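The values are calculated or read from the model by the stated rules, or taken from the named source; none is laboratory data. Not measured: the values here are computed from a predicted model. FYI the Cβ positions are ideal-geometry reconstructions off the backbone, even for glycines, and counts take in every protein chain you see. Just the protein is used for accessible areas: all its heavy atoms, side chains included, with ligands, DNA and RNA removed. Shrake-Rupley method; radii C 1.70, N 1.55, O 1.52, S 1.80 Å.
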Amino acid sequence: QVQLVESGGGLVQPGGSLTLSCAASASRFIFTMGWYRQAPGKQRELVATIARSSTANYADSVKGRFTISRDYAKNMVFLQMNSLKPEDTAVYLCNAQTAPYSDSSRTYWGQGTQVTVSS
């Protein structure tokens with residue numbers, strides 16, 4: 001099983017920065033970790049993922065502004081968010097996969113942390 005706990009969300013002004021953290025407690029090897037977000041009335045979307053190889057993928061909307069990283073010793077994943085925009089406002093969810101490829105039975109989610117970008 002995998003348990004994920006996010007932290008670091010909050011209120012920030014446009015152009016500001018925020019760092020999200022996710023701590024994983026896992027009994028199985030985690031191949032990939034990532035961040036998704038969901039705004040009210042919107043479909044949940046991928047923000048960024050990072051594989052065990054440290055290969056990272058980003059949504060086009062956040063490229064150049066967000067950086068995902070992992071601390072393998074602590075089993076944590078981070079999302080550094082810079083140049084935040086109001087459209088970044090959403091609940092951000094931590095994700096982990098214990099399979100080398102997409103497998104819903106081995107996909108886990110945290111409860112989410114709210115990020116609000118507003119003046």
Taking first residues from segment 8-28 that are within 21 Å of THR49 (Cβ to Cβ) and outside any loop (DSSP other than H, G, I, E, B) and second residues anywhere that are charged (D, E, K, R) and modelled with pLDDT of 95 or more, the pairs with Cβ under 8 Å that are 6 or more apart or on different chains are LEU20/GLU6; SER21/GLU6; CYS22/GLU6
So the strands (runs of 3 or more DSSP E) completely within segment 57-117 holding 1 or more residues that are surrounded by 12 or more Cβ atoms within 10 Å (Cβ to Cβ), among the aromatic types (Phe, Trp, Tyr) and modelled with pLDDT of 95 or more are 66-71, 76-81, 90-97, 107-109
Here the qualifying pairs (Cβ atoms under 6 Å; residues six or more apart or on different chains; first in segment 95-119 and closer than 21 Å to GLN80 by Cβ; second open to solvent by less than 50 Å² (accessible area, probe 1.4 Å) and of a type in the set (D, E, K, R)) come out as GLY110/GLU6; THR113/GLU6; VAL117/ASP88
Exactly one of ARG44, ARG37 is in contact with a Lys or Arg (Cβ under 9 Å, 6 or more places away or on another chain), open to solvent by less than 80 Å² (accessible area, probe 1.4 Å) and at pLDDT 95 or above, and that one is ARG37
